[in-house]
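Participant: Below: one structure in structure tokens.
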Amino acid sequence: MKYLLSILILFAGFIVRAQVKVENDHLFGKECFYMQSVPSEGNINGVLFLVPGFLESPTAVTAQSTIVQEANKHGLAVVMVNLTPNNESFPIDKKSLNTLGEMIADFYRKNKLQPAIDLYLGGFSIGGATALKFYSEKNKGIKISKVFAIDPPLDMVRLRKSLLKGREKSFVVKLDALNSEHKQQEQSLKELSVYNPDYTALNMLPDYRSTALRIYSEPDILWWINNRSMDLSDMNVTDCAGYINKLKQKSQDNKVELVLTKDRGLRNNTQKHPHSWSIAEPVDLITWLLAK
């Protein structure tokens, strides 16, 4: 077991607190770890777990958004996870979900937190899909107060087709590698999906009547056409809209919402990109998380 103190003073103009890296090869696996940032006063009123996107390190969160700082200001401890070595795999398989569960339990245990302390879960891109998939499959064993995802790909069949059309063709290999049971390819992708319109029936959807869900997306179609030669059918928002619609069909009491943004997508605080952490406005997000 290892604890490494990382003093992070300035990232892309954002001041952040000291963070602690926690490793446990036995529980998490080699090169899997989490970074924790606790409120400076030391009192933890809630815990926010964040799952970064593909190839992002946990510290990328603080480089791209002030979500961590805003959460700390309101008494939330923030835990940023690395579920696969170097985050070079899509963390939506059973092993990754189990690792996330181990990290949640480890953080609560080490900080002597009672189960009643609110747990919030969110992520960006494939990390957002991980958050939703974890809630869908693990919510009976772990109580999660609220869930959010920032522009997540939810339909792996659609995602594979889109990747083949764009500049990220090499990512398809990572997606195909998750078919460890050597099933028919499309069937494997459907089962890995949070939502697939041809596969996901109402009775397969999770219950959000006592847990709220928010999904963010910035549907800048012209940006995708001009910069990636992609169109609306390739955008994650198509999955997100279908998923929210299906959840509402299952029950009008499901507390779910799709937040569509405009001109918020920036990377490194300057580069326009609608698929970015920044589309979730930090103050509004934390306010929503803490609202009862």
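Participant: With no solvent and one point per C-alpha, what does the Debye sum give as log10 I(q)/I(0) for the chain at q = 0.13, 0.15 Å⁻¹?
Facilitator: Rounded to two decimals, the profile gives -0.88, -1.21.
Participant: Across the stretch 112-127, in residue order, what do the Karplus-derived ³J(HN,Hα) couplings come to in whole Hz, using 6.51 cos²θ - 1.76 cosθ + 1.60 with θ = phi - 60° and x for Gly and Pro?
Facilitator: 6, 8, 6, x, 6, 5, 4, 10, 10, 9, x, x, 10, 6, 5, x
Participant: Starting from the Cα-Cα distance between ASP263 and ARG209, subtract it from 0.36 nm times their residue separation and give me the gain in nm to one decimal.
Facilitator: Working: separation 54, 0.36 × 54 = 19.44 nm, distance 3.14 nm.
Separation in residues times 0.36 nm, less the Cα-Cα distance, equals 16.3 nm.
Participant: Have a look at the DSSP beta bridges in the chain and tell me what percent are antiparallel, nearest 5. Kindly include the intermediate steps, with their values, before the conclusion.
Facilitator: Working: 18 of 44 bridges.
Taking every DSSP beta bridge with both residues in the chain, the antiparallel ones total about 40 percent.
Participant: Please compute the net charge surrounding LYS272, taking Lys and Arg as +1 and Asp and Glu as -1 over other residues with Cβ under 14 Å from its Cβ.
Facilitator: Values: positive: ARG228, LYS262, ARG264, ARG267; negative: GLU218, ASP220, ASP263.
Around LYS272, the surrounding residues sum to +1.
Participant: Please report, as a whole percent, how much of the solvent-accessible surface of the chain comes from carbon and sulfur atoms (probe radius 1.4 Å). List each step's numbers first, then the result.
Facilitator: Working: 6940 of 13370 Å².
It is 52 percent, rounded to a whole number.
Participant: How much length, in nm to one decimal, is gained on full extension between ASN45 and SER180, taken as 0.36 nm per residue of separation minus their Cα-Cα distance?
Facilitator: Working: separation 135, 0.36 × 135 = 48.60 nm, distance 3.98 nm.
Contour length minus Cα-Cα distance gives 44.6 nm.
Participant: Which pairs break 30 Å Cα to Cα here: LYS161/LYS183; LYS30/LYS110; LYS21/LYS255; LYS95/LYS262?
Facilitator: Values: LYS161/LYS183 18 Å; LYS30/LYS110 20 Å; LYS21/LYS255 34 Å; LYS95/LYS262 36 Å.
Listed pairs above 30 Å: LYS21/LYS255; LYS95/LYS262.
Participant: Based on Cβ point charges of +1 for Lys and Arg and -1 for Asp and Glu, what charge dipole magnitude is obtained for the chain about its Cα centre, in debye rounded to the nearest 20? Could you put the intermediate results ahead of the total?
Facilitator: Numbers: 36 positive and 31 negative charges, 65 e Å.
Here the size comes out at about 320 debye.
Participant: Amide H of ALA212 versus every other amide H placed in the peptide plane: which residues, excluding those fewer than 5 positions away on the same chain, fall under 5 Å?
Facilitator: VAL147
Participant: Something else now. How many Å² of accessible area per residue for the stretch 228-280, probe 1.4 Å? List each step's numbers first, then the result.
Facilitator: Values: 2680 Å² over 53 residues.
Per-residue value: 51 Å².
Participant: To continue, here is another question. I'm checking a number: the convex hull volume of the Cα atoms of the stretch 108-207, normalised per residue, in Å³. What is it? All intermediate terms of the calculation are to be shown ahead of the outcome.
Facilitator: On the way: hull volume 13.9 nm³, N = 100.
Value for the stretch 108-207: 139 Å³ per residue.
Participant: Something else about it: Going through the stretch 131-205, which trypsin sites (Lys or Arg not before Pro) have at most 14 other Cβ atoms within 10 Å and a DSSP loop state? List each step's numbers first, then the result.
Facilitator: Numbers: sites: LYS133, LYS138, LYS140, LYS143, LYS146, ARG158, ARG160, LYS161, LYS165, ARG167, LYS169, LYS174, LYS183, LYS190; in loops: LYS140, LYS143, ARG167, LYS169, LYS183.
Sites meeting the loop and neighbour criteria: LYS140, LYS143, ARG167, LYS169, LYS183.
Participant: Could I ask something else about it? Could you state the accessible area per residue of the stretch 49-162 in Å², with a 1.4 Å probe and every protein chain left in place? Let's see the in-between values first.
Facilitator: On the way: 3590 Å² over 114 residues.
For the stretch 49-162, the solvent-accessible area averages 31 Å² per residue.
Participant: Considering only the other residues whose Cβ falls under 12 Å of the Cβ of HIS74, what net charge follows from Lys and Arg at +1 and Asp and Glu at -1?
Facilitator: Values: positive: LYS73; negative: GLU41, GLU70, ASP118.
Charge balance in the 12 Å sphere: -2.
Participant: In nm, to one decimal, how far is the modelled label at ASN226 from the one at SER57, with both set 7 Å along Cα→Cβ?
Facilitator: 3.3 nm
Participant: Still on this structure: How big is the accessible area of PHE171 in square angstrom, nearest 10, if you roll a 1.4 angstrom probe over the protein chains?
Facilitator: That residue has around 50 Å² of solvent-accessible surface.
Participant: Mind pulling the angle between the C-alpha long axis of helix 156-165 and the longest principal axis of the chain? Nearest 10 degrees, somewhere in 0 to 90.
Facilitator: 70 degrees
The values are calculated or read from the model by the stated rules, or taken from the named source; none is laboratory data. Since the model is a prediction, treat every value here as computed from it, not as a measurement. As a convention, Cβ positions derive from the backbone with ideal geometry for all residues, glycine included, and neighbour counts pool all protein chains shown. Side chains included, ligands, DNA and RNA excluded: accessible areas come from the protein's heavy atoms. Shrake-Rupley method; radii C 1.70, N 1.55, O 1.52, S 1.80 Å.
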